[in-house]
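Student: My questions all concern the structure below.
The values are calculated or read from the model by the stated rules, or taken from the named source; none is laboratory data. Just so it is clear, the model here is predicted, and its values are computed rather than measured. Here Cβ is always computed from backbone atoms with ideal geometry, including for glycine, and neighbour counts include all displayed protein chains. To get the accessible areas, we keep the full protein, side chains included, count just its heavy atoms, and leave off ligands, DNA and RNA. Shrake-Rupley method; radii C 1.70, N 1.55, O 1.52, S 1.80 Å.
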Amino acid sequence: MPYPEQFTGFQVNGPDTWLEFHKNEFRPKPFGDYDVDIKIECCGVCGSDVHTISGGWGEQRFPLAVGHEIVGKAIRVGPKVTLIKEGQRVGVGAQSYSCLDCRQCNNDNETYCKHQLDTYGAVWPDTGIVSQGGYSSHVRTHEHWVFPIPEALPSTVAAPMLCAGLTAYSPLVRNGCGPGKKVGIVGLGGIGHLGLLFAKALGAEVWAISRTHAKEADALKMGADGFLATSDKDWNAPHAMTFDLIVNTANSFAGFDLDAYLSLLDVHGKWVSVGLPEGDEGIKVRNQTFLSNGCFFGSSHLGSRKETLAMLQLAADKGIRTWVQEYPISDKNLAEVMTKLEKNDVKYRFCMTNYEDQFGA
């Protein structure tokens with residue numbers, strides 16, 4: 001069968017019209033020896049998509065199709081591809097390139113490569129072509145960032161794991177989440193709910209930490225061992241210096257009492273922030289905050305290929321299920337989903353589906 005030379009996607013023209021999606025053809029990067037063409041079946045909706053097209057994260061390259069929680073079928077593989085077979089069901093997350101040759105790449109830290117490129121909105125080297133995301137008919141990706149999806153995972157369950165899931169899973173496994181550890185997950189959104197599910201699957205005692213009690217019932221259904229609401233008086237006092245690790249997935253620091261959160265950590269416990277607020281919003285950090293328990297404060301970015309494959313296998317083995325709300329892809333539904341996501345009106349991840357209706361079989 002002839003391979004498509006042009007792909008089709010729902011693009012936004014700029015932040016002033018960020019809820020207007022236009023179905024356009026676009027040219028992907030040239031097909032390379034290590035590339036895989038994927039016919040997309042579904043794509044999870046990430047907060048990054050809203051931050052990007054609305055201008056919240058600054059200037060972008062438009063027109064742009066976003067979406068980086070992609071699952072589909074490999075329909076073409078380059079002559080040097082060894083990791084993926086034609087016809088396989090595969091996924092692509094938020095990263096699609098690194099040099100694969102530097103110290104970081106050689107140590108399973110390719111997500112921290114100085115040359116890493118995002119799945120959408122990046123300029124492919126030597127071409128000037130802007131990468132386009134998963135609200136499209138196809139995606140073309142180097143095999144290293146294409147992941148076989150285990151048979152036990154439905155596509156719409158697996159898709160959100162490729163960004164939200166990995167963003168939570170990597171800091172959990174890198175910081176010792178497991179049996180005998182007490183782990184906190186701050187924020188119960190797309191990333192947070194998957195963090196809770198993975199931390200529990202890894203064998204830790206897991207506590208969900210949220211502003212109010214609104215999501216407590218859901219957190220307990222997901223397997224949380226306990227729930228803390230920061231609006232309660234002295235919410236942190238009974239748990240002072242008892243947590244080994246806290247992963248903060250919140251994407252707003254408004255009214256955020258960092259000292260109260262860090263007081264939960266045991267000696268040399270770790271606080272890892274993965275949320276990315278818009279603009280200049282951040283946290284003021286004072287050295288005195290760390291003195292009482294000598295805790296560590298850091299961040300984490302996505303995860304490696306090795307971690308992605310392990311995460312998907314864990315999800316398959318343990319029967320982990322993303323809490324997902326499905327919408328058939330269309331300009332109207334994309335606008336509705338983005339509007340809802342901006343208001344945090346989601347439980348707990350949207351996923352766009354029914355691609356054949358828009359892009360053909």
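Student: From (1) hydrophobic (A, V, I, L, M, F, W, C); (2) open to solvent by 50 Å² or more (accessible area, probe 1.4 Å); (3) within 30 Å of H142 (Cβ to Cβ); (4) not in a loop (DSSP other than H, G, I, E, B), pick out the condition that doesn't hold for A315.
Tutor: Here A315 meets the rest and fails (2).
Student: Counting just the residues of region 210-227 that are part of a strand (DSSP E or B) and out of contact with any helix residue (DSSP H, G or I) (no Cβ under 7 Å at 6 or more places or on another chain), which one comes out least open to solvent (accessible area, probe 1.4 Å)?
Tutor: Among those that are part of a strand (DSSP E or B) and out of contact with any helix residue (DSSP H, G or I) (no Cβ under 7 Å at 6 or more places or on another chain), it is G226.
Student: Moving to a separate point now. Which count do you get for residues in region 19-61 that are under 22 Å from the mean Cα position of the chain (by Cα), surrounded by fewer than 22 Cβ atoms within 10 Å (Cβ to Cβ) and assigned to a loop (DSSP other than H, G, I, E, B)?
Tutor: Within region 19-61, residues that are under 22 Å from the mean Cα position of the chain (by Cα), surrounded by fewer than 22 Cβ atoms within 10 Å (Cβ to Cβ) and assigned to a loop (DSSP other than H, G, I, E, B) number 9.
Student: Would you confirm, using the coordinates I've provided, whether V267 is assigned to a strand (DSSP E or B) and in contact with a helix residue (DSSP H, G or I) (Cβ under 6 Å, 6 or more places away or on another chain)?
Tutor: No.
Student: Among G133, G93, which is surrounded by 15 or more Cβ atoms within 10 Å (Cβ to Cβ) and touching a helix residue (DSSP H, G or I) at 6+ places or on another chain (Cβ under 6 Å)?
Tutor: G93
Student: Follow-up. Return the pair list, or none, for Cβ contacts closer than 7 Å from residues in region 120-139 that are closer than 18 Å to P160 by Cα to residues that are polar (S, T, N, Q) and open to solvent by less than 10 Å² (accessible area, probe 1.4 Å), at least 6 apart or on different chains.
Tutor: What qualifies is Y120/S131; G133/T119.
Student: Based on this model, can you work out whether A250 counts as in contact with a Ser or Thr (Cβ under 9 Å, 6 or more places away or on another chain) and touching a residue at least 40 places away in the same chain (Cβ under 8 Å)?
Tutor: yes
Student: Criterion first (in a strand (DSSP E or B), open to solvent by less than 10 Å² (accessible area, probe 1.4 Å) and either at pLDDT 95 or above or closer than 23 Å to Q325 by Cβ (or both)) does G72 satisfy it?
Tutor: The answer is yes for G72.
Student: Turning to a different aspect of this structure: Can you pull out every residue in region 328-361 that is in a strand (DSSP E or B) and either of a type in the set (D, E) or buried (at least 18 other Cβ atoms within 10 Å of the Cβ) (or both)?
Tutor: Hits for region 328-361 are R349, F350, C351, M352, T353.
Student: Right, something else. Does T141 satisfy being β-branched (V, I, T), open to solvent by less than 60 Å² (accessible area, probe 1.4 Å) and touching a His at 6+ places or on another chain (Cβ under 7 Å)?
Tutor: Answer is no for this residue.
Student: Does I84 satisfy being open to solvent by less than 60 Å² (accessible area, probe 1.4 Å), in contact (Cβ under 8 Å) with a residue 24 or more places away in the chain, hydrophobic (A, V, I, L, M, F, W, C) and closer than 23 Å to K340 by Cβ?
Tutor: So I84 fails the test.
Student: Which condition does W124 not pass, out of (1) closer than 30 Å to T212 by Cβ; (2) touching a strand residue (DSSP E or B) at 6+ places or on another chain (Cβ under 9 Å); (3) open to solvent by 10 Å² or more (accessible area, probe 1.4 Å); (4) of a type in the set (A, V, I, L, M, F, W, C), if it passes all the others?
Tutor: (1)
Student: Taking the condition touching an Asp or Glu at 6+ places or on another chain (Cβ under 9 Å) and either open to solvent by less than 40 Å² (accessible area, probe 1.4 Å) or farther than 30 Å from P148 by Cα (or both), does S304 pass?
Tutor: yes
Student: Can you pull out the residues in region 75-107 that are assigned to a loop (DSSP other than H, G, I, E, B) and closer than 18 Å to T156 by Cβ?
Tutor: Within region 75-107, Q88, G93, A94 meet the criteria.
Student: I'm told W235 meets every condition in (1) closer than 18 Å to A168 by Cα; (2) in a loop (DSSP other than H, G, I, E, B) except one. Can you identify the failing condition by its number?
Tutor: That leaves (1) as the condition not met.
Student: Does T322 satisfy the condition of being touching a Phe, Trp or Tyr at 6+ places or on another chain (Cβ under 6 Å) and touching a residue at least 60 places away in the same chain (Cβ under 8 Å)?
Tutor: Judged against the criteria, T322 is not a match.
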